[in-house]
Amino acid sequence: MKTIIEPFRIKTVEPIYFTTREERAELLTEAHYNPFLLKAKDVIIDLLTDSGTGAMSSNQWAGIMRGDESYAGSESFYRFESVIKNLTSMPYVIPVHQGRAAEKILFSIEGGAGKYVLSNTLFDTTRANVEYSGAQGIDLLCPEGKQTALVAPFKGNMDIDALKAFIADNGAASIALVIITVTNNSGGGQPVSMANIKQAQQVCKARGIPFFIDACRFAENCYFIKTREAGYENKSVQQIAQELFSYADGCTMSAKKDAFANIGGFLALHNAELAEKCRNMLIMTEGFPTYGGLAGRDLEAIATGLEEIVQEDYLKYRIRSIEYIGEVLDKHDIPYLKPTGGHAVYLDAKKFLSHIPVQQYPGQALCCALYLEGGIRGVEIGSVMFGKYTDDGSLIPGVHELVRLALPRRMYTQSHMDYVAEVIINLYQKRHEVKGLAITYESKYLRHFTAKFKEI
Ligand code: F0G
């Protein structure tokens, strides 16, 4: 059969509210041209994030009822711990309320002034937590990853030569740790190969540098390894994931992605001394080590989600639905980051809106235009998110100007995707009408969440 169907039936539904173009024009002005400031009910298809927005299964909901809410030693914790130990082989499992809480704990301990944290690409909260500790975050993405139109299997890889050179120039003692993000979210949801993970680990091991994985989308990454990397085609995604984690000294995880949970995360470690320090900080900031900022029911939902996420029928449908949008865009020569990633399509706003200079934030402008055209909410991953200023106040742009359309897990069907493609095509035909934006307000850290803009 050619058609890949959604591998689930729908038991509960949520209504979508429709708005007119005129209403959206007003709502957009009220939200200061920042889709983060829109009310979700005013969005028709919400592709802002795949984080915490997925649909839980009937088994996860059953787990919610089973959740043991004991303050200490909850049954749900032991189930959570055993699923994660089985996946990662890491003996110390520390629950947190979401991924960035794991980052905050890890980098408060391992970061600090004068240190570097090296990555393929740090996600924005990871970078913010690194920098807040006083350390510097350095992205060492492979050259293929920087070319949006190039089709290559593992564009999320770390540049191993650049890694060696950076360590040689700065000294191993200055490197707090190396952390590889799988899949590489800010770099287009592109996967990292097992070979690349192994090479990075060997470089780190030889120099005594801890090697970590930001595991948010580990299952999607492992499905790409299965389908793209020689030698893995006959292994299960669970086995591939176990191998991937076996190379790491530790990992941070947002269970809001590849654990089908609405909230949660964890830090898993091999090092007992580091685990002790992390747990001490956990107690101060999150909670007792057997719940860490979560309810027992959340721990249950995550444990079940981690078992469901590696199911290959699901991953096949997941990767295929994203690829499907890419194929429609290809038919109309609409520029996007190729190939499509594991959780999202990334439109290339620099090419899509080539008449808008980077100083006028083409990614943000495209986000707003998509909302106006069809009520679709995406997120800018460009100079609003990653731009910095020189001392004289001019913009240092981000590497790319992208708009990410992230697909919540098990939420939308093929006709929703057809609608999304139709809106993008309509907008592309009248792209010259879209105007650039100027920032009227911004915060010091993570400005994209709260910034305000006006049309130029
Ligand atoms: N690392 C990566 C690669 C992420 O994509 C995210 C979150 C985090 C860490 C932080 O996890 O949200 O649970 O605190 N990404 C979301 C997104 C927000 O939309 O891509 P968190």
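The numbers here are math on the coordinates, done by the rules we state, and not lab data. Computed from a prediction, not measured in an experiment: that's the story for all the values here. So basically every Cβ, Gly included, is an ideal-geometry build from the backbone, and we count neighbours across all protein chains shown.
Summary table below
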{"quantity": "Sparsely packed trypsin sites (Lys or Arg not before Pro) within segment 37-131, loop by DSSP, other Cβ within 10 Å at most 13", "calculated": "39"}
{"quantity": "Chain lengthening between residue 29 and residue 392 when straightened (0.36 nm per residue, less Cα-Cα)", "calculated": "127.7 nm"}
{"quantity": "Under 25 Å, Cα to Cα: Lys pairs in segment 262-350, sequence gap 8 or more or different chains", "calculated": "4"}
{"quantity": "Low-density loop cleavage sites - GluC sites (Glu not before Pro) in segment 174-245, where at most 13 other Cβ are within 10 Å (DSSP)", "calculated": "233"}
{"quantity": "Magnitude of the charge dipole, the chain, Cβ model with Lys/Arg +1 and Asp/Glu -1, debye to 20", "calculated": "220 debye"}
{"quantity": "Part-to-part distance (alpha-carbon centres) for segment 328-382 and segment 1-66, which is given in Å", "calculated": "19 Å"}
{"quantity": "Counting DSSP beta bridges with both ends in the chain, the antiparallel % (nearest 5)", "calculated": "60 percent"}
{"quantity": "FRET efficiency for residue 331 and residue 150, using Cβ-Cβ distance with R0 set to 22 Å, rounded to 0.05", "calculated": "0.65"}
{"quantity": "Within segment 173-204: backbone nitrogen closer than 16 Å to the residue 270 label point (7 Å, Cα to C-beta)", "calculated": "177-180, 197-204"}
{"quantity": "Per-pair calculated FRET efficiency, R0 = 41 Å: residue 207 and residue 430 via Cβ, rounded to 0.05", "calculated": "0.15"}
{"quantity": "Only Lys, Arg (+1) and Asp, Glu (-1) charged, at Cβ; segment 58-308 dipole about Cα centre in debye", "calculated": "260 debye"}
{"quantity": "Selection of trypsin sites (Lys or Arg not before Pro), segment 369-435, meeting DSSP coil and at most 12 other Cβ within 10 Å", "calculated": "430"}
{"quantity": "Farthest toward positive dipole pole in segment 58-308 [+1 Lys/Arg, -1 Asp/Glu at C-beta], among 83, 63, 232", "calculated": "232"}
{"quantity": "Sites excluded, chymotrypsin sites (Phe, Trp or Tyr not before Pro) in DSSP loops with at most 16 other C-beta within 10 Å, longest stretch of the chain", "calculated": "72-444"}
{"quantity": "Potential lengthening between residue 449 and residue 355 on full extension [0.36 nm per residue; Cα-Cα distance subtracted]", "calculated": "31.3 nm"}
{"quantity": "Structure-based [θ]222 nm, the chain - -39500 (n - 2.57) summed over DSSP H runs of at least 4, per residue, nearest 500", "calculated": "-12500 deg cm²/dmol"}
{"quantity": "Calculated P(r) of the chain - Cα pairs past 42 Å, %", "calculated": "12 percent"}
{"quantity": "Fewest-first ranking of 32, 97, using other Cβ atoms within 10 Å as the exposure measure", "calculated": "32, 97"}
{"quantity": "Near-label residues of segment 228-255 by backbone N, under 13 Å of a point 7 Å along Cα→Cβ of residue 195", "calculated": "228-232"}
{"quantity": "Antiparallel DSSP beta bridges within segment 58-308, as percent of all bridges there, nearest 5", "calculated": "45 percent"}
